[in-house]
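K.L.:
My questions will all concern the structure given below.
The values are calculated or read from the model by the stated rules, or taken from the named source; none is laboratory data. Predicted model, so just to flag it, every value in this text is computed and none were measured. FYI the Cβ positions are ideal-geometry reconstructions off the backbone, even for glycines, and counts take in every protein chain you see.
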């Protein structure tokens, strides 16, 4: 079969191009599909990287040009200094390069080359900079490219993250040669919406006709429960308020018109179809999207994610521990904790993590902390640097992209990994699997999307791997800070006073991480694709 991976950022084959976990996911999965004998293409945005790609790879420009005018209808309540409609003239080129048998297609125009450092427009640009609509430009251009370049081919389109691909299922719903598989990568609020007049105009541009009324929420705004939920739920990051007469839920559209919906773990699927034991559980059932979730449940499957072959093929080497910790300015005689994620202080619980480190060390605790928060423009949050400067020989803080060999050295020098993720936004957590394969014992949130790592099991359980932290649905969660401090102390005491138990957890971690390979994920996906 011909599998076409679609996402706005997909440079996972080169660590200098990686801006997030989805690009790593696409690269690893694409290679496995290729190893199974399938044709694999990746359609992505150039993100301003054409000069770099030309300098490093055999990149060639295709005989392709897409010239069009994108009509953007703007909500005047948000885009106050812009006209009600902006027409953007665009001319898109396409470039191709083959990496390990996978064909990458990079689409380039004025908007698709914006934000080379992050690939994604910052949320702060909403209402101010038209670059905020780069994801829509990507969708329109990727759809047109696929329609032209793969016109007469049977393709399995595998597009990622509803916010970045909700137009795909609609665009290809009537094309019998295109199967549409949509992947939910992170748990964005399921009721996230788009301005309906803008969507209507873009659908018209694409030649798509659809009854949008069926996807609109019609809540009783005088209902005391609705009033209460609109006031309290937004702080949980599980629900956003919109003017429901003007905004439409795109996840419902995706559910209705995709052939299959892909989730990254069993817990991820369970959470995103029920929101059980959260402040949103009851109100979810009042929303139109909940009816589509139930109605289209047979489309849902778990395709999994995985720990990359680069990690699984390496034997953890502790012999370089002293050299590595010395180079980082840390003390080699202390237990060492490791955190690796993109910089997202709420999603990843990093503000609580830094407060816990500060509190633990200020109280006389002794340990090293390697804290990696990937961010192309640096960590623009002074408190993180204050903690690092306060404890220069206990805290190593970094944010730059690094070669995987460097990350492996950091993990090999560590004893525990910490992932205090919040708001149920993590759905598999590749970095935790990588660290666990190297024998690190996890301290991680008891989220549904992370429970396959078994850190939620009691320490005495035969399959336990580590320590659980409470689920959190609030910013600056002081109870979570206190729990992280307690678990750090528990972890150190375990290693010092119950070495056999630590070894058991470490071995369990490694064995479990082996299970979730990209081969495992590829097989799950291929089985689902064949069922369409």
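K.L.:
Does residue 119 qualify as being assigned by TED's automatic domain parsing to the domain that holds residue 19, closer than 16 Å to residue 3 by Cβ and crowded, with 17+ Cβ neighbours inside 10 Å?
P.N.:
No, not satisfied.
K.L.:
I'd like to know if the range 106-121 contains one or more residues that are in contact with a strand residue (DSSP E or B) (Cβ under 8 Å, 6 or more places away or on another chain) and assigned to a helix (DSSP H, G or I).
P.N.:
Within the range 106-121 (the criterion being in contact with a strand residue (DSSP E or B) (Cβ under 8 Å, 6 or more places away or on another chain) and assigned to a helix (DSSP H, G or I)), the answer is no, since none of the residues qualifies.
K.L.:
Quick one: is residue 133 modelled with pLDDT of 95 or more and farther than 17 Å from residue 185 by Cβ?
P.N.:
Yes: the conditions hold for residue 133.
K.L.:
So the check is Cβ under 6 Å with 6+ separation or different chains; which pairs have a first residue in the range 487-512 that's over 9 Å from residue 416 (Cβ atoms) and a second one that's surrounded by 13 or more Cβ atoms within 10 Å (Cβ to Cβ) and at pLDDT below 95?
P.N.:
Nothing qualifies.
Here is a yes/no grid of residues against (1) within 25 Å of the chain's Cα centre (by Cα); (2) in the same structural domain as residue 205 (by TED's automatic domain parsing); (3) in a loop (DSSP other than H, G, I, E, B); (4) modelled with pLDDT of 95 or more:
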{"site": "37", "(1), (2), (3), (4)": "no, yes, yes, yes"}
{"site": "42", "(1), (2), (3), (4)": "yes, yes, no, yes"}
{"site": "48", "(1), (2), (3), (4)": "yes, yes, yes, yes"}
{"site": "65", "(1), (2), (3), (4)": "no, yes, no, yes"}
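K.L.:
Just give me the residues in the range 368-397 being part of a loop (DSSP other than H, G, I, E, B) and closer than 21 Å to residue 478 by Cβ, in sequence order.
P.N.:
Listed by number, the residues that qualify are 381, 391.
K.L.:
Quick check: anything in the range 51-63 assigned to a strand (DSSP E or B) and either without any contact (Cβ under 8 Å) to a residue 24 or more places away in the chain or outside the structural domain of residue 106 (by TED's automatic domain parsing) (or both)?
P.N.:
Yes, the range 51-63 has at least one match.
K.L.:
May I pose another question? So residue 23 fits all but one of (1) surrounded by fewer than 21 Cβ atoms within 10 Å (Cβ to Cβ); (2) assigned to a helix (DSSP H, G or I); what number is the exception?
P.N.:
Residue 23 satisfies all of (1) surrounded by fewer than 21 Cβ atoms within 10 Å (Cβ to Cβ); (2) assigned to a helix (DSSP H, G or I) except (1).
K.L.:
Could you tell me whether the range 379-388 includes any residue that is touching a strand residue (DSSP E or B) at 6+ places or on another chain (Cβ under 7 Å), closer than 28 Å to residue 24 by Cα, surrounded by fewer than 24 Cβ atoms within 10 Å (Cβ to Cβ) and in contact (Cβ under 8 Å) with a residue 40 or more places away in the chain?
P.N.:
Within the range 379-388 (the criterion being touching a strand residue (DSSP E or B) at 6+ places or on another chain (Cβ under 7 Å), closer than 28 Å to residue 24 by Cα, surrounded by fewer than 24 Cβ atoms within 10 Å (Cβ to Cβ) and in contact (Cβ under 8 Å) with a residue 40 or more places away in the chain), the answer is no, since none of the residues qualifies.
K.L.:
Residues that are within 23 Å of residue 301 (Cβ to Cβ), surrounded by 14 or more Cβ atoms within 10 Å (Cβ to Cβ) and out of contact with any strand residue (DSSP E or B) (no Cβ under 8 Å at 6 or more places or on another chain): does the range 141-161 have at least one?
P.N.:
Checked against the condition, which is being within 23 Å of residue 301 (Cβ to Cβ), surrounded by 14 or more Cβ atoms within 10 Å (Cβ to Cβ) and out of contact with any strand residue (DSSP E or B) (no Cβ under 8 Å at 6 or more places or on another chain), the range 141-161 yields no hits at all.
K.L.:
In the range 171-191, what count of residues is obtained for those that are in contact with a helix residue (DSSP H, G or I) (Cβ under 7 Å, 6 or more places away or on another chain) and either assigned to a helix (DSSP H, G or I) or under 19 Å from residue 448 (Cβ atoms) (or both)?
P.N.:
7
K.L.:
Which one is nearest to residue 522 (Cα to Cα), of the residues in the range 35-58 that are surrounded by fewer than 18 Cβ atoms within 10 Å (Cβ to Cβ) and touching a strand residue (DSSP E or B) at 6+ places or on another chain (Cβ under 7 Å)?
P.N.:
38
K.L.:
When the residues of the range 301-320 are filtered to those that are touching a strand residue (DSSP E or B) at 6+ places or on another chain (Cβ under 8 Å) and assigned to a helix (DSSP H, G or I), which remaining residue is farthest from residue 432 (Cα to Cα)?
P.N.:
309
K.L.:
Among the residues of the range 427-461, write down those that are closer than 18 Å to residue 350 by Cβ, part of a strand (DSSP E or B) and touching a helix residue (DSSP H, G or I) at 6+ places or on another chain (Cβ under 8 Å).
P.N.:
Of everything in the range 427-461, those that are closer than 18 Å to residue 350 by Cβ, part of a strand (DSSP E or B) and touching a helix residue (DSSP H, G or I) at 6+ places or on another chain (Cβ under 8 Å) turn out to be 442, 443, 444.
K.L.:
Within the range 424-442, how many residues are surrounded by 24 or more Cβ atoms within 10 Å (Cβ to Cβ) and farther than 13 Å from residue 513 by Cβ?
P.N.:
3
K.L.:
Can you work out which of the residues in the range 398-411 that are in a helix (DSSP H, G or I) and out of contact with any helix residue (DSSP H, G or I) (no Cβ under 6 Å at 6 or more places or on another chain) is surrounded by the fewest Cβ atoms within 10 Å (Cβ to Cβ)?
P.N.:
Among those that are in a helix (DSSP H, G or I) and out of contact with any helix residue (DSSP H, G or I) (no Cβ under 6 Å at 6 or more places or on another chain), it is 405.
K.L.:
Which numbered condition in (1) surrounded by fewer than 21 Cβ atoms within 10 Å (Cβ to Cβ); (2) part of a helix (DSSP H, G or I); (3) in contact with a strand residue (DSSP E or B) (Cβ under 8 Å, 6 or more places away or on another chain) is the only one that residue 71 fails?
P.N.:
Unmet for residue 71, out of (1) surrounded by fewer than 21 Cβ atoms within 10 Å (Cβ to Cβ); (2) part of a helix (DSSP H, G or I); (3) in contact with a strand residue (DSSP E or B) (Cβ under 8 Å, 6 or more places away or on another chain): (2).
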